[in-house]
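Undergrad: Have a look at this one before I ask anything.
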Amino acid sequence: MIDLDHIRAETPATERRAYLHNAGAALTPAPIVAAMKDYLDLEAEIGGYAAAAREAARLDGVYHSVARLLNAAADEIALVENATVAWQMAFYGLAETFKPGDRILTAEAEYGANYVAFLQIAKRKGVVIDVVPSDASGALDITALEQMIDGRVKLIAVTWVPTNGGLANPAAAIGRIAKAHNIPYLLDACQAVGQMPVDVAALGCDMLSATGRKFLRGSRGSGFLYVRREFMARFEPPMLDHFAADWVAHDRYELRPDARRFENWENNYAARLGLGLAIDYALEIGLGNIEKRCRLLSTRLRDGLRAIPHVTVRDLGPNPSAIVSFTHDKIAATDIVKAAAEKNVIIGASDPASTRIDAERRQLPMLVRASPHYYNTEAEVDRLMELVASAR
Ligand SMILES: Cc1ncc(COP(=O)(O)O)c(C=O)c1O
């Protein structure tokens, strides 16, 4: 059971606005904001190096928090500044091993940043990007994926929950296929972490990237990469410094044994601490409970929106997540977002360029994106529906 009154009291902005923009950046719980401020105060008082030394145990605990969240081990976790850097460290590192003609398999709703990186490596290395078609529900077609595999496929890189809607791709089924064919599997879990349970063993991924500020409710500028321990020996990070690798002789370095080889020396420790606390906060509530409530609220929103004239819900997949995307025949998405903000209902919009393959295939314009979290109420979701229904 979620103690909504307590959680909302710890999220004071919920008194003033209906915040339904958690796929953008969620509201961070007040005790976590206070802990980050305290940490900054400590840095201001005794200096950043002494602060990190004094708080070393708590800072080290962040790796353990991420590991608990993912059912991984702490030495399989790198803490970085966002999901993009996490993903890039894995992708560009692995890309060093690619040869001309090698293939990358991805999904139609792949995130723009990832696809641009595919394009750059295709240009540099002569690799081929192949997009696995979707099934009738709009999710990645597992049968098609299986049929597309051959000896040239060197990576399956898929976004689990895309940025532009409720779709949840069959991440674990993809993992089973990747494993059966011994193909590296990089999973973008940026929009999944914090709104549902994430278990790297069940998912079968070799690498997973995520961010702190979205459904996890951490601060901006925090993210992490998971790399399976046995997989780490298969490639080097694309960039190294003297933290990622020891400079052991003037002509030689030795990589760190753990996933921190994907980090570098300097970090925002306050943001890190916030990430760890946000994860502990979510684990305390329980990701199963969180997922249940997220689905309840997003289903209520989708059902309500479907009943409003001129509104089309755009979410794909058989069991959509907490990202609700829709369009209005008569009103542009950005105008709906603006009108809602004027009434203290905070939502976002999703640009077709952030998921170009999917957007072109479905001829999507800019979408309205509303993303409730467990701390929202039914009344807040209803407020958005009323607002959309009365929009002119
Ligand atoms: C699916 C997906 N992947 C990756 C990212 C990038 O995350 P970050 O901004 O933390 O780098 C986003 C951000 O919106 C996203 O939605």
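No value in this document is a laboratory result; all are computed from the given coordinates. Source: prediction; values computed, not measured. Every residue, glycine among them, receives a Cβ derived from its backbone with ideal geometry; neighbour counts consider all protein chains shown.
Undergrad: Go through region 1-79 and name the trypsin sites (Lys or Arg not before Pro) that are in a DSSP coil and have 14 or fewer other Cβ atoms within 10 Å of their Cβ. Please report the intermediate quantities before stating the final value.
TA: On the way: sites: R8, R16, R17, K37, R54, R58, R68; in loops: R16, R17.
Sparse-neighbourhood loop trypsin sites (Lys or Arg not before Pro): R16.
Undergrad: Still on this structure, I have one more. What distance in nm separates the simple spin-label points at N71 and D382, each placed 7 Å from Cα in the Cβ direction?
TA: 3.8 nm
Undergrad: Expressed as a rounded percentage, what relative contact order does region 31-284 have, with Cα pairs under 8 Å and six or more residues apart? Don't skip to the end; give the middle numbers.
TA: Numbers: 472 pairs, mean separation 66.0, N = 254.
Reported relative contact order: 26 percent.
Undergrad: Return the loop-located GluC sites (Glu not before Pro) in region 265-340 (DSSP other than H, G, I, E, B) with at most 13 other Cβ atoms within 10 Å of their own Cβ; answer none if there are none.
TA: On the way: sites: E266, E284, E291; in loops: E266.
Those that pass, being in a loop and sparsely packed, are E266.
Undergrad: Cross-link partners among lysines for K125, C-alpha distance below 26 Å, same-chain residues fewer than 8 apart left out?
TA: Here the lysines satisfying the reach criterion relative to K125 are K99, K154, K179.
Undergrad: Sort 307-318, 81-92, 196-207 by packing, meaning the average of other beta carbons within 10 Å per residue, with the highest value first. Write out the running numbers ahead of the final one.
TA: Values: 307-318: 16.3, 81-92: 22.8, 196-207: 20.7.
Highest to lowest by the protection proxy: 81-92, 196-207, 307-318.
Undergrad: Direction-averaged shadow area of the convex hull around the Cα atoms of region 61-140, nm²? The partial results should precede the final answer.
TA: On the way: hull surface 27.1 nm².
The Cα convex hull of region 61-140, projected and averaged over all directions, gives 6.8 nm².
Undergrad: Return the Rg/Rh ratio of the chain with Cα-based radii and a Kirkwood Rh.
TA: Taking Rg over the Kirkwood Rh, I get 0.98.
Undergrad: Quickly work out the R58-to-E15 label distance, labels modelled 7 Å from Cα along the C-beta direction, and quote it in nm with one decimal.
TA: Modelled inter-label distance: 2.5 nm.
Undergrad: Give the lysines whose C-alpha is closer than 19 Å to that of K292, dropping any in the same chain fewer than 8 places away, or say none.
TA: In chain and number order, the partners are K214.
Undergrad: Moving on. Have a look at the DSSP beta bridges in region 166-233 and tell me what percent are antiparallel, nearest 5. Each step should come with its number before you reach the end.
TA: Values: 5 of 9 bridges.
Restricted to region 166-233, the bridges split so that about 55 percent are antiparallel.
Undergrad: Can you show me the helix-derived [θ] at 222 nm for the chain, built from DSSP H runs with n ≥ 4 at -39,500 (n - 2.57) apiece and divided by the number of residues, rounded to the nearest 500.
TA: Values: 14 runs with 159 residues, N = 392.
Calculated from helices alone, the mean residue ellipticity at 222 nm is -12500 deg cm²/dmol.
Undergrad: Out of the DSSP beta bridges found with both residues in the chain, what percent are antiparallel (nearest 5)? Let's see the in-between values first.
TA: Numbers: 23 of 42 bridges.
If we restrict to bridges inside the chain, about 55 percent are antiparallel.
Undergrad: Can I ask one more? Tell me the label-point distance for the pair D199, A233, using the 7 Å Cα-to-Cβ offset, in nm and rounded to one decimal.
TA: Inter-label distance under the simple model: 2.8 nm.
Undergrad: Going Cα to Cα from K37, which lysines come in below 18 Å? Please leave out same-chain ones fewer than 8 positions away.
TA: Leaving aside lysines fewer than 8 places away in the same chain, none come within reach of K37.
Undergrad: With a Cα-only, solvent-free Debye model of region 94-146, what are the log10 I(q)/I(0) values at q = 0.19, 0.23 Å⁻¹?
TA: The Debye formula, applied to the Cα set alone, gives -0.67, -0.86.
Undergrad: Taking the chain as a Gaussian network, where each spring joins two C-alpha atoms under 10 Å apart, which residue of S321, S137, S350 fluctuates the most?
TA: Looking only at S321, S137, S350, the largest GNM fluctuation is found for S137.
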